[in-house]
Amino acid sequence: MNHDSYDRDYLADILKTTKTIALLGASPNPGRPSNQVMGFLLSRGYTVFPVNPGQAGKEILGQTVYATLADVPQPVDMVDVFRAAEFLDGVVDEALALETPPKVIWGQLSVRDDKAAAKAEAAGVKVVMNHCPAIEIPRLLG
């Protein structure tokens, strides 16, 4: 897939069918984008599992934080990645190793690795990169 631009229907379908999200790189700091996006996703009815090894066992926005994707207590539809682009390949490996891999791996703004995306897509996982669901939801779903 060409990740330079995405069809509106592709993004809208992902956002409509996603119910559970593992937010990788979640921060307890209200000034951080990951915290703000997590709050937005929660306010829109998504179930969000924050993942951050440095915060594991604590809470962010009332949600228990997990150290790794494998620690999240249920399968998730999407992994939303707030990590630097060079870590995306490892995130894909971690996601694909799950008993039930996510349907989508979503790289936040500036998070792009085409080789990692190709690996995920070869395993049947949809990929979005360099986009933010908190921008796309109001634009596409109102």
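The values are calculated or read from the model by the stated rules, or taken from the named source; none is laboratory data. On a predicted model such as this, the values are computed, not experimentally measured, just so you know. Note that each Cβ is placed from the backbone with ideal geometry, even for glycine, and that neighbours are counted across all protein chains shown.
A few notes on this one:
- V81 being in contact with a Phe, Trp or Tyr (Cβ under 8 Å, 6 or more places away or on another chain), surrounded by 21 or more Cβ atoms within 10 Å (Cβ to Cβ) and touching a residue at least 12 places away in the same chain (Cβ under 8 Å): yes
- Yes/no for G45 being among the small types (G, A, S) and under 24 Å from P138 (Cα atoms): yes
Yes/no matrix, rows are residues, columns are (1) modelled with pLDDT of 95 or more; (2) closer than 24 Å to Y10 by Cα; (3) out of contact with any helix residue (DSSP H, G or I) (no Cβ under 6 Å at 6 or more places or on another chain):
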position	(1), (2), (3)
T47	yes, yes, yes
G57	yes, no, yes
D80	yes, yes, yes
A85	yes, yes, yes
K115	yes, yes, yes
A118	yes, yes, yes
A123	yes, yes, no
P133	yes, yes, yes
R139	yes, yes, yes
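- All conditions in (1) without any contact (Cβ under 8 Å) to a residue 24 or more places away in the chain; (2) touching a helix residue (DSSP H, G or I) at 6+ places or on another chain (Cβ under 8 Å); (3) of a type in the set (S, T, Y) hold for S110, with the sole exception of (1).
- Residue in region 83-103 that is under 12 Å from the mean Cα position of the chain (by Cα), in a loop (DSSP other than H, G, I, E, B) and aliphatic (A, V, I, L, M) present: no
- P75 being assigned to a loop (DSSP other than H, G, I, E, B), in contact with a Pro (Cβ under 9 Å, 6 or more places away or on another chain) and closer than 24 Å to I137 by Cα: yes
- Among the residues of region 48-71, those identified as part of a loop (DSSP other than H, G, I, E, B) and surrounded by fewer than 20 Cβ atoms within 10 Å (Cβ to Cβ) are A56, G57, K58, L61, G62, A67, T68.
- Index of the failed condition, L109 passing every other in (1) surrounded by fewer than 16 Cβ atoms within 10 Å (Cβ to Cβ); (2) of a type outside the set (S, T, Y); (3) assigned to a helix (DSSP H, G or I): (3)
- Where G45 falls short, out of the listed (1) under 17 Å from the mean Cα position of the chain (by Cα); (2) surrounded by 11 or more Cβ atoms within 10 Å (Cβ to Cβ); (3) over 18 Å from V125 (Cα atoms); (4) not basic (K, R): (2)
- Within region 124-139, residues that are touching a residue at least 60 places away in the same chain (Cβ under 8 Å) reach partners that are surrounded by fewer than 18 Cβ atoms within 10 Å (Cβ to Cβ) and outside any loop (DSSP other than H, G, I, E, B) with beta carbons closer than 7 Å, at six or more positions or on different chains, in the pairs V127/E121; A134/F40.
- Extreme residue, surrounded by the fewest Cβ atoms within 10 Å (Cβ to Cβ), among residues of region 22-42 that are free of Cβ contacts under 8 Å to residues at least 60 places away in the same chain and of a type in the set (A, V, I, L, M): L42
- Look at (1) surrounded by fewer than 19 Cβ atoms within 10 Å (Cβ to Cβ); (2) part of a loop (DSSP other than H, G, I, E, B) and you find that A118 fails only one, number (2).
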